[in-house]
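Undergrad: One structure follows; several queries about it will come next.
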Amino acid sequence: MFTDTERCVRAVQSKDARFDGWFFTGVLTTGIYCRPSCPVVPPKPQNMRFYASAAAAQQAGFRACKRCRPDTSPGSPEWNHRADLTARAMRLIADGVVDRDGVEGLAARLGYSTRQIERQLRAELGAGPLALARAQRAQTARVLIETSPLPMGDIAFAAGFSSIRTFNDTVQEVFALAPTELRRRAARSRAGAGTGGTAGATGTGGGAPGVIGLRLPFRQPLTPDNLFGHLVATAVPGVEEWRGGAYRRTLRLPYGHGIASLTPRPDHIAARLALTDQRDLAIAISRCRRLLDLDADPAAVDEQLARDPQLAELIAKAPGRRVPRTTDGAEFAVRAVLGQQVSTAAARTHAGRLVTAYGTEIEDAEGGLTHLFPEPGALAGLDPAALAMPRSRRTTLTALVAALAAGDLDLGGGSDWEQARHRLAELPGIGPWTVEVVAMRALGDPDAFPATDLGVRKAAAGLGLPGSPAALVRHSAAWRPWRAYAVQYLWAAPPAGDHPINLMPTE
């Protein structure tokens, strides 16, 4: 979109927040770059330059605006609905792969050469993988500087910088402030306003040692009922819970583990992250955003779905429904198999038993979380006879776990969606429903459509839509590429509208 100069200029002049994260505006006369909704007086069109990423704006010599803080914009929805090389690379960069494994590691995960990846990202985003990872490190550093009492040297390495000098130079270059001045400004802002800052991915203070508080932004509107209702109604005991108005869950992270507490607010998600290793901060934020589908573009989704008269009323009643996703694709696939042809309560019971037997124990000083969900490698040694389920489902579960543990099935952020679908379908006992549910919630495919789902079929019949799966698939062609969002509206339609998965949890 950043190449559509006329449209970009209109968005900037109208201060349209819907386009925050879609592109960034460099201002030639000031040398800064902003988000489209920046509150300052818009510059003259001839002084604007548009960039597809904050990294590209930084490489062009612009520094971040101190008013609108463009580095805290919601992520681009492009990486939500695309499965090409660029989108897969961006999801892996957000998950810290470049910081941990370098560009070579990123290339190995994607199955392309480093040269191909570099060329593709530069052509589309104006910056290569190192620059994109650097921009993410700068954002992580700013959050830690403003929200934690950590010494600057600890922050430098926690944010992924190789040296304190590189950390100082990057922060100075990106924010036009030294790290110590950033911390002083944040302290003055909190003291003057009595709040934690602006509505971005901004620190708010954790309130407890080792806890970081954040405001996770999203594009309006957002109906949180089905999002949090679904996560809590299907929560695995010991791994997830609803406490104090927040959805809480454990996170298995590259350098350690953590606990995320996520609370819906009118204009942001309040997040509190307790991490055993601060180097996991950026990855934890990325996974929480993915879990809650916060980078979606609800205006584009709802506009298209509302063209169908049978869906229009549902959308008008509760616009901005998101797809409840996951922080770990392998975990969700295991849970999907456990949930085949059983009630939600039974699926939770089965998952809870696996967690108790094979999960990693943790401590939670603030609640009742006790375990990390077991990794595929830990589950590879389970005794099928110990599973209280039909033999056919035991076979399915053990085959799935074996494929995940061996690396034959990739359900991570950089996976190839169609290849993962094909590999899933090859496993015994994995049918179309399981494939599409895993594609929708684990892979994040916005066009996944479990047409055989009983709830979808009942809602479709009640709305006068075709009742058979084949006919419903044909009808749903008009909803593409947003059929996973249509599923959320269908699940919330009568007669299932009062099901717990559609209701905001209560205390």
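The values are calculated or read from the model by the stated rules, or taken from the named source; none is laboratory data. In this text the structure is predicted, and so the values were computed from the model without any measurement. Note: ideal-geometry Cβ built from the backbone for every residue, glycine included; neighbour counts use all protein chains shown.
Undergrad: Tell me which of these D71 doesn't satisfy, since it passes every other one: (1) within 21 Å of L214 (Cβ to Cβ); (2) part of a loop (DSSP other than H, G, I, E, B); (3) touching a strand residue (DSSP E or B) at 6+ places or on another chain (Cβ under 9 Å).
TA: Condition (2) is where D71 drops out.
Undergrad: Quick one: how many residues across segment 362-386 are among the acidic types (D, E) and in a helix (DSSP H, G or I)?
TA: Summing the residues that are among the acidic types (D, E) and in a helix (DSSP H, G or I) in segment 362-386 gives 0.
Undergrad: Which residue out of A492, A477, A461 is without any contact (Cβ under 8 Å) to a residue 60 or more places away in the chain, of a type in the set (A, V, I, L, M, F, W, C) and farther than 24 Å from R82 by Cα?
TA: A461
Undergrad: Next question, about the same structure. Counting only residues that are surrounded by fewer than 22 Cβ atoms within 10 Å (Cβ to Cβ) and of a type in the set (S, T, Y), which one in segment 248-285 is farthest from P481 (Cα to Cα)?
TA: Per the criteria, the residue is T276.
Undergrad: Next question, about the same structure. State whether the residues of segment 407-426 include one that is farther than 23 Å from R109 by Cα and surrounded by 14 or more Cβ atoms within 10 Å (Cβ to Cβ).
TA: Within segment 407-426, not a single residue is farther than 23 Å from R109 by Cα and surrounded by 14 or more Cβ atoms within 10 Å (Cβ to Cβ).
Undergrad: State which residue pairs qualify: first residue in the same structural domain as V337 (by TED's automatic domain parsing) and assigned to a helix (DSSP H, G or I) and inside segment 387-407, second residue among the basic types (K, R) and buried (at least 17 other Cβ atoms within 10 Å of the Cβ) in any location, beta carbons under 9 Å apart, and separation of 6 or more residues or different chains.
TA: Correct list of pairs: A403/R423.
Undergrad: Condition first: of a type in the set (D, E, K, R) and in a helix (DSSP H, G or I). Can you find one or more residues in segment 93-100 that meet it?
TA: Checking segment 93-100: at least one residue is of a type in the set (D, E, K, R) and in a helix (DSSP H, G or I).
Undergrad: Please identify the pairs in which a residue from segment 426-449 that is under 19 Å from L231 (Cβ atoms) has its Cβ atom under 6 Å from the Cβ atom of a residue that is hydroxyl-bearing (S, T, Y) and surrounded by 22 or more Cβ atoms within 10 Å (Cβ to Cβ), counting only partners at least 6 apart or on another chain.
TA: Hits for this filter: R441/T326; A442/T326.
Undergrad: What are the residues in segment 18-38 that are farther than 22 Å from M90 by Cα, out of contact with any Pro (no Cβ under 7 Å at 6 or more places or on another chain) and not in a strand (DSSP E or B), if any?
TA: Listed by number, the residues that qualify are L28, T30, G31, S37, C38.
Undergrad: Here is a further query. Sort out which residues of segment 154-178 are buried (at least 18 other Cβ atoms within 10 Å of the Cβ) and assigned to a helix (DSSP H, G or I), and write them in order of number.
TA: Once the filter is applied, which keeps residues that are buried (at least 18 other Cβ atoms within 10 Å of the Cβ) and assigned to a helix (DSSP H, G or I), segment 154-178 yields I155, A156, A158, F167, T170, V171, V174, F175.
Undergrad: Here is a follow-up. Report yes if A135 is under 11 Å from A55 (Cα atoms) and crowded, with 19+ Cβ neighbours inside 10 Å, otherwise no.
TA: Against the criterion (under 11 Å from A55 (Cα atoms) and crowded, with 19+ Cβ neighbours inside 10 Å), A135 qualifies.
Undergrad: Evaluate the following for T434: is it polar (S, T, N, Q) and buried (at least 18 other Cβ atoms within 10 Å of the Cβ)?
TA: Yes.
Undergrad: Any residue in segment 256-281 that's part of a loop (DSSP other than H, G, I, E, B): show its pairings with residues that are small (G, A, S) and buried (at least 17 other Cβ atoms within 10 Å of the Cβ) at Cβ separation under 6 Å, as long as the two are six or more apart or on different chains.
TA: Once the first residue is part of a loop (DSSP other than H, G, I, E, B) and sits in segment 256-281, its partners that are small (G, A, S) and buried (at least 17 other Cβ atoms within 10 Å of the Cβ) give D267/A199; H268/A199.
Undergrad: To continue, here is another question. Could you list, ordered by first residue, the pairs with Cβ atoms under 6 Å in which the first is in segment 340-357 and outside the structural domain of L379 (by TED's automatic domain parsing) and the second is surrounded by fewer than 19 Cβ atoms within 10 Å (Cβ to Cβ) and of a type outside the set (D, E, K, R), at least 6 apart or interchain?
TA: none
Undergrad: Just for segment 366-385: of the residues that are in contact (Cβ under 8 Å) with a residue 12 or more places away in the chain and hydrophobic (A, V, I, L, M, F, W, C), which one is nearest to G329 (Cα to Cα)?
TA: So the residue we want is F373.
Undergrad: May I pose another question? Would you mind telling me which numbered condition in (1) of a type outside the set (S, T, N, Q); (2) under 21 Å from A17 (Cα atoms); (3) buried (at least 20 other Cβ atoms within 10 Å of the Cβ) L311 fails?
TA: Every listed condition holds for L311 apart from (2).
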